[in-house]
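Worksheet: the structure to be examined is printed underneath.
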Amino acid sequence: MPTIKAQGQVFECAVGANLRQVLLQQGIALHNDRSQIINCRGLGTCGTCAVQIEGAVSPPNWRDQTRRSLPPHSLAQNRRLACQTQVLGDIEVTKFDGFWGQSDRQRWAP
Ligand code: FES
């Protein structure tokens, strides 16, 4: 089973698990501030679940790429939408500041 490191926690999930669901189930603060309430619930449209991932995950799908191509996100940033990402191996997750997690300032580390 893949190991996930996020916000100081270490836990496991099934191969292919949805990263947003796994993080929320673990109590990780995936959505910053008011985006905890105002988000698309995993449809891939709001962009507030953006994180940086090191490790084995599914390739970006068209929803992920499309939303991250729009401001305030940028495809030049090394981010992914957790709700559109399946965990395939051990990963480390970093969250950044801002309503959409778009800032360059780290909110929490693996
Ligand atoms: S929760 Fe809205 S894009 Fe992921």
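Some notes on this structure:
- Search result, residues across region 59-85 that are touching a helix residue (DSSP H, G or I) at 6+ places or on another chain (Cβ under 8 Å), assigned to a loop (DSSP other than H, G, I, E, B) and under 23 Å from A17 (Cβ atoms): P60, N61, R79, T85
- Within region 37-69, considering residues that are near the ligand (Cβ under 8 Å from one of its atoms) and loosely packed, with under 13 Cβ neighbours inside 10 Å, the one farthest from E12 (Cα to Cα): L43
- Filter pass, R34 being free of Cβ contacts under 8 Å to residues at least 40 places away in the same chain, surrounded by fewer than 22 Cβ atoms within 10 Å (Cβ to Cβ) and more than 20 Å from K5 (Cβ to Cβ): no
- Odd one out for A76 among (1) in contact with a Leu (Cβ under 9 Å, 6 or more places away or on another chain); (2) of a type outside the set (D, E); (3) within 23 Å of R105 (Cα to Cα); (4) more than 15 Å from the ligand (Cβ to nearest atom): (1)
No lab work stands behind these numbers, since they all come straight from the coordinates. Nothing here was measured: the structure is a model prediction, and the numbers come from that model. Glycine gets a Cβ as well: all are built from the backbone with ideal geometry, and neighbour counts include every protein chain shown.
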